[in-house]
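Since the structure comes first, as structure tokens, the remarks are kept for the end.
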Amino acid sequence: MFVAVLAMVIAACSSGTTAGSGGTSCAKGDLRLVTPGVLTIGTDDPAFPPWFEENDPSNGKGFESAVAYAVAKELGFSPDEVTWVVVPFNNSYQPGEKNFDFDINQISITPERAQVVDFSDGYYNVNQALVAFDTSPAASAKTMADVKKLKLGAQIGTTSLQYIENEIKPDTEPFVYDTNNDAKLAMEAGQIDGIVVDLPTAFYISAVEIEGSSVVGQFPSVGDNPEQFGMLFQKDNPLRACVNDALQKLKDNGELAGIEKQWLSDATGAPVITP
């Protein structure tokens with residue numbers, strides 16, 4: 001009897017969380033996955049720093065790759081039981097069947113997206129930020145009134161673009177691009193004064209990708225709740241409850257904070273653009 005009980009305990013410990021919020025079984029063998037026995041995670045290509053490193057989400061390097069593998073471990077998956085698929089950002093939050101168990105790709109939780117997909121609890125609070133060349137008129141912007149006068153660009157479908165449209169409301173219609181890379185090329189070509197992206201991405205662009213540029217400032221949050229990134233699921237996927245339990249454990253034991261400190265510690269010190 002003792003051996004049988006011990007075997008059950010070991011099985012439970014090796015299968016990750018066994019009971020999720022709302023009564024969902026989170027035993028590894030009970031999870032409804034795209035591919036049985038394998039945790040399939042989506043993200044875009046390229047997968048860029050500081051969220052990923054070397055355009056390889058499977059190496060565990062970069063904030064979001066590290067978070068994904070930490071969640072996978074809590075669910076009972078070893079690294080070799082995790083596989084990645086490419087999911088273009090703008091496709092991730094479209095309705096319908098998904099070829100991944102969850103997607104992690106700086107996807108902000110918004111009410112509009114949550115109508116057709118589900119999100120995990122937030123794993124990162126994010127502010128939007130402005131990047132511009134040091135020689136640009138944008139470099140001296142300190143207030144929203146200053147920013148309103150600028151020609152601004154952002155990727156289509158992003159909360160960065162929403163922030164321009166709904167909060168900055170520039171005098172000139174924002175320039176919209178298919179990808180952040182297209183927006184960066186437009187800034188380098190002098191077509192726009194600056195681009196709006198999330199703050200960690202802004203630091204990476206200015207430090208590594210576009211010589212002579214800087215993070216002009218970060219924008220204040222809107223409303224009582226900060227913008228957050230969440231892992232994205234097909235609507236009504238019961239795996240969400242288990243991932244939320246795993247995420248809560250990472251928050252409670254300090255591992256999530258440690259991952260953030262490791263990969264994003266240089267991405268917080270920008271001045272705030274005042275209203």
*Check cross-link reach from residue 142 to the lysines: straight Cα distance under 20 Å, and skip same-chain residues fewer than eight apart.*
151, 169
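DSSP loop (so not H, G, I, E, B), at most 11 other Cβ within 10 Å: list which GluC sites (Glu not before Pro) in the range 66-107 pass both filters. Before the final figure, lay out the partial values.
Working: sites: 74, 81, 97; in loops: 97.
Sites meeting the loop and neighbour criteria: 97.
Using only alpha carbon pairs under 8 Å that are at least six residues apart, calculate the relative contact order of the range 106-255 and give it in whole percent.
41 percent
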*Considering only protein heavy atoms and a 1.4 Å probe, what is the carbon-and-sulfur percentage of the accessible area of the range 104-165?*
53 percent
*Averaging over all projection directions, find the projected area of the Cα convex hull of the chain and quote it in nm² with one decimal place.*
15.2 nm²
*asked:* Give the aspartates and glutamates reachable from residue 251 as a straight Cα distance under 15 Å; neighbours fewer than 8 places away on the same chain don't count.
replied: 64, 74, 121, 260
*Along the charge dipole of the chain, which of 59, 158, 35 sits closest to the positive end, that is, farthest toward it, with unit charges on the beta carbon of Lys, Arg, Asp and Glu (+1, +1, -1, -1)?*
35
*Could you work out how far the C-alpha centroid of the range 69-119 sits from that of the range 144-161, in angstrom?*
27 Å
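Measuring with a 1.4 Å probe in the full set of protein chains, what accessible area per residue, in whole Å², belongs to the chain?
Numbers: 12860 Å² over 275 residues.
Ligands and nucleic acids excluded, the figure is 47 Å² per residue.
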*Taking a cut-off of 20 Å between Cα atoms, list the aspartates and glutamates near residue 149, but don't count ones fewer than 8 places away on the same chain.*
134, 165, 167, 171, 173, 188, 193
*Rounded, prolate or oblate (a/c below 1.5 giving rounded, otherwise prolate when a/b exceeds b/c) for the range 31-106 by Cα gyration tensor*: oblate
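Show me the GluC sites (Glu not before Pro) within the range 129-220 that DSSP assigns to loop and that have at most 16 other Cβ atoms within 10 Å of their Cβ.
211
As an exercise, identify the trypsin sites (Lys or Arg not before Pro) in the range 23-111 lying in DSSP coil whose Cβ has no more than 13 other Cβ atoms within 10 Å.
Values: sites: 28, 32, 61, 73, 98; in loops: 32, 61, 98.
Listed in order of number, the matching sites are 32.
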*Using a simple spin-label model with points 7 Å from Cα along the Cα→Cβ vector, what separation in nm is obtained for residue 185 and residue 251?*
4.0 nm
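How big is the charge dipole of the range 63-162 about its Cα centre, in debye rounded to the nearest 20, if each Lys and Arg gets +1 on its Cβ and each Asp and Glu gets -1 on its Cβ?
Values: 7 positive and 12 negative charges, 150 e Å.
Once rounded to the nearest 20, the dipole reads 720 debye.
Work out the length of the dipole vector of the chain about its Cα centre, built from +1 on the beta-carbon of each Lys and Arg and -1 on the beta-carbon of each Asp and Glu, and round it to the nearest 20 debye.
Values: 17 positive and 37 negative charges, 104 e Å.
Dipole size: approximately 500 debye.
The values are calculated or read from the model by the stated rules, or taken from the named source; none is laboratory data. Everything numeric here is computed off the predicted structure, so don't read it as measured data. Positions of Cβ are generated from backbone atoms using ideal geometry, with glycine treated the same way; all protein chains shown enter the neighbour counts. Calculation scope for accessible area: heavy atoms of the full protein, side chains included, ligands and nucleic acids excluded. Shrake-Rupley method; radii C 1.70, N 1.55, O 1.52, S 1.80 Å.
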